[in-house]
Each structure stands twice: as structure tokens, then as C-alpha cells.
């Protein structure tokens, strides 16, 4: 299947993956793989996510999303719990959920070789293109969401970068395994794109350091092998904050952290 481009900013693009697993399955892809992940590209990533979140909230009543990012990691075999890689370019898979839509966990618990692509996405994709085209123009120097100004009246203040995240091992939970961490904003924030880019950068630096403290030898020549699942629910913005679930990876690891996490309900959004 061919990727479908829906919107492009200076640094990131919104599109469909080659193999969409649900109607709410999209990818955010870095336009140029040599671009370093700095303040501007982080702002662009949050802006694209926010544009898509706001559009799908308006068009489908979306109430939450699960975002997947793999660093120095390629799923192999049945790849339970994660989408297959489509390119070496940095890519975030995002599974949006709205009433009566398919859940990410329902398709990702199926082995990769048994999954079937969703084909009926053209109506929604056309509506999204019209939605983005009708939104306020974004100045060239900014990579903010094209809907940011329209949403300003109802958006909560962005979280301060100084507050950062609380990063803790998840192994204290009976449903988690060594090599798994969770990160949540110290200051509650209603949705992922309300975070400051510098807060995301601080978290990225903390995640890079996890490999050195992992029990498994997860650091290779390309760097630490990491998988991240972010669960973001905005159905009740006073109660929910995005949760980053972070896993160090090793193909020979018998624990299968991510498969265990997803099949155990880790991607279930709050009701």
C-alpha cells in the first residue's frame, strides 16, 4: 500500500502508514532524517500531534490516543504489541480512539503476519485535508498546530518545562517486568500537545540514560534500544495526564515486555 500525506509542517508530516491497522491509525514522520531532535523539531512534533488531535476530536469525537515510538529497534517475528517499522526515518505511530472505533490493542495483539489493513479511510482522510486547509494559516517561522489559535480559548496552559516528569521503574507493579518505566508530568496536563517542547527534550535525555542502568545489555553500536507507548486521554482533562510507558529492548529477552504490556491492557484508555 502507498502512504497517504495529509498535512506537512516544516519538520514533521501527518499521513497514513502503508499498512493502517485501524481507521484511527496515523503516522507522524520527520521530513528529513538528518534533522536533530531539538526545540524546533520537538515543537513541530507536538504541533502536528495537536493538529490531528483537534481535527479528530471535531470530526469523530476522538477521546484519546496511543502513540508508539521505537528508538534503535526493529520489531521482528510476530511483533505482538507494536506496529511494524515502515522506514528508517523517525516515525511516530498514533492510534486515535473514538466511540465505536477499533482499539489499538485489539489489532496489535494479533501476530503481525495475521493482521489485515483497513481500507475504508478515504472519507476521513478527505475530511482531514479539508479541515487542515480551512484552519488558520501558520507563519513560516512557526511549527505550531494549524488549529492552535482556534483552540486557544479552550486549551489549558502549557506545562512548564521546569516541572518536567516523574520517571519511575514500573517493576513494583505485579503486571510489569524489569526494564520498564513510566513517566508522567509532575504538573498535570490535559493532553500531550499541552506540554512544552523543552519538557519533551528533558524526558528524551532521561530516556537515553536508561540503557546504562538497565539489567539487560541493551546498548548497541546505534545506541540504546527503546520502545515508548504514550497513552493520552482527554475525555476528562481534570483527571488524566499523558502517561509514557518506556521499555528497554533486546530480541533475546524472554520477557517480551511490550507484548505483555499491550495484551495486559496497557493501552486501555480511561473511561
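The values are calculated or read from the model by the stated rules, or taken from the named source; none is laboratory data. Only a predicted model underlies this, so the values are computations on that prediction, with no experimental measurement involved. Cβ: placed from backbone, ideal geometry, glycine included. Neighbour counts: every protein chain shown.
Can residue 70 be described as assigned to a strand (DSSP E or B), touching a residue at least 40 places away in the same chain (Cβ under 8 Å) and over 16 Å from residue 24 (Cβ atoms)?
Numbers: assigned to a strand (DSSP E or B): yes; touching a residue at least 40 places away in the same chain (Cβ under 8 Å): yes; over 16 Å from residue 24 (Cβ atoms): yes.
So residue 70 passes the test.
Per-residue answers, yes or no, for (1) modelled with pLDDT of 70 or more; (2) surrounded by fewer than 16 Cβ atoms within 10 Å (Cβ to Cβ); (3) on the phi < 0 side of the Ramachandran plot:
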{"site": "175", "(1), (2), (3)": "no, yes, yes"}
{"site": "181", "(1), (2), (3)": "yes, no, yes"}
{"site": "184", "(1), (2), (3)": "yes, yes, yes"}
{"site": "193", "(1), (2), (3)": "yes, no, yes"}
{"site": "199", "(1), (2), (3)": "yes, no, yes"}
{"site": "203", "(1), (2), (3)": "yes, no, yes"}
{"site": "222", "(1), (2), (3)": "no, yes, yes"}
- With respect to the numbered conditions (1) surrounded by 16 or more Cβ atoms within 10 Å (Cβ to Cβ); (2) modelled with pLDDT of 95 or more; (3) more than 30 Å from residue 227 (Cβ to Cβ), which one is the sole condition not fulfilled by residue 96? (3)
- When (1) within 28 Å of residue 241 (Cβ to Cβ); (2) free of Cβ contacts under 8 Å to residues at least 24 places away in the same chain; (3) surrounded by fewer than 17 Cβ atoms within 10 Å (Cβ to Cβ) are applied to residue 15, the one that fails is (3)
- Item | Test result for residue 35, farther than 16 Å from residue 230 by Cα, touching a helix residue (DSSP H, G or I) at 6+ places or on another chain (Cβ under 9 Å) and crowded, with 20+ Cβ neighbours inside 10 Å | no
- Hey, among 102, 133, which residue is at pLDDT 90 or above and exposed (fewer than 15 other Cβ atoms within 10 Å of the Cβ)? 133
